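Some notes on the structure that comes next.
The values are calculated or read from the model by the stated rules, or taken from the named source; none is laboratory data. Everything numeric in this text was worked out from a predicted model, so none of it was measured. Backbone-built Cβ (ideal geometry, glycine too); neighbour counts: all protein chains shown.
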Amino acid sequence: MYKTLIFYLLILLLFTGIHHSIAQVYGTENGYASFEAKMPLNSYTGESDRLHGTINFETGKVAFTVPVKSIKTGKDKRDEHMYELLKAQKNPKVVFEGKLVGDFDLDKKSKQKVKAKGDFTLAETTRQITVPLELNPVQKGIQLNASWSLLITDYGLERPSFTFIKVNDRHDLKVDALLKEE
């Protein structure tokens, strides 16, 4: 009886371990994405809590999107100008599709830094970028944090101006999401 119980426990542990190693895809439906735009004597942010995406740790594929019209700056008129500038009617999403660069160990229970290299598409223009990622396994999944900068003129966008003061070309972007096993 005792040997049979140990045998079943070993089988259960074996299958639990196999399930953990097979579960390689993690995603989010409500991650947070933001940008900060600066100008002399002022700055503003745009925020969205509708970041969708996945990371497949087996293949290394990374894919994330943010609906343009989910980005809010706190001022309706500025939002409308931003949607027009980003051509939201023709391009309703900001998109990143790429691959992980570097190894992430799902079994390691500490923060790990990797990079994602791929295509970032904003307002009809796609450019290849590399984004540094911090991935932290937590009880409910994997906490993803990323931050990087871009020049909006690299995406064919004119720098907005407010009463003759132009917004800086460089915008700082951040992503914060809890990725859950799919």
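Filtered by the rule that a residue be of a type in the set (Ser, Thr, Tyr) and outside any strand (DSSP E or B), segment 29-68 gives a lone residue, Thr59.
Only residues that are touching a residue at least 12 places away in the same chain (Cβ under 8 Å) and polar (S, T, N, Q) were counted in segment 74-104, giving 1.
Selection over segment 133-161 of residues that are over 19 Å from Val175 (Cα atoms) and either touching a helix residue (DSSP H, G or I) at 6+ places or on another chain (Cβ under 8 Å) or not acidic (Asp, Glu) (or both) gives a count of 9. Gly118 fulfils the conditions (1) more than 29 Å from Asn56 (Cβ to Cβ); (2) at pLDDT 95 or above except for a single criterion, (1). For segment 67-111, the candidate set comprises residues that are crowded, with 17+ Cβ neighbours inside 10 Å and more than 23 Å from Asp49 (Cα to Cα); within that set, the residue that is modelled with the lowest pLDDT is Leu106.
Taking Gly98 as the residue in question, decide whether it is small (Gly, Ala, Ser), within 25 Å of Gln24 (Cβ to Cβ) and out of contact with any His (no Cβ under 9 Å at 6 or more places or on another chain). Considered against the rule, which asks whether it is small (Gly, Ala, Ser), within 25 Å of Gln24 (Cβ to Cβ) and out of contact with any His (no Cβ under 9 Å at 6 or more places or on another chain), Gly98 comes out as yes. Test each condition in (1) in contact with a strand residue (DSSP E or B) (Cβ under 6 Å, 6 or more places away or on another chain); (2) acidic (Asp, Glu); (3) under 18 Å from Leu135 (Cβ atoms) for Asp119 and report the one that comes out false. Only one criterion in (1) in contact with a strand residue (DSSP E or B) (Cβ under 6 Å, 6 or more places away or on another chain); (2) acidic (Asp, Glu); (3) under 18 Å from Leu135 (Cβ atoms) is unmet by Asp119, namely (3).
Among the residues examined, Thr153 does not qualify as more than 22 Å from Lys180 (Cα to Cα) and surrounded by 13 or more Cβ atoms within 10 Å (Cβ to Cβ). When Thr54, Thr65, Thr73, Thr59 are checked against the criterion of being touching a helix residue (DSSP H, G or I) at 6+ places or on another chain (Cβ under 7 Å) and of a type outside the set (Lys, Arg), Thr73 stands alone in meeting it. For segment 113-134, the count of residues that are of a type outside the set (A, V, I, L, M, F, W, C), surrounded by 13 or more Cβ atoms within 10 Å (Cβ to Cβ) and assigned to a loop (DSSP other than H, G, I, E, B) is zero. Within segment 69-98, the residues that satisfy the criterion of being of a type in the set (A, V, I, L, M, F, W, C), closer than 21 Å to Lys38 by Cβ and not in a strand (DSSP E or B) are Ile71, Met82, Leu85, Leu86.
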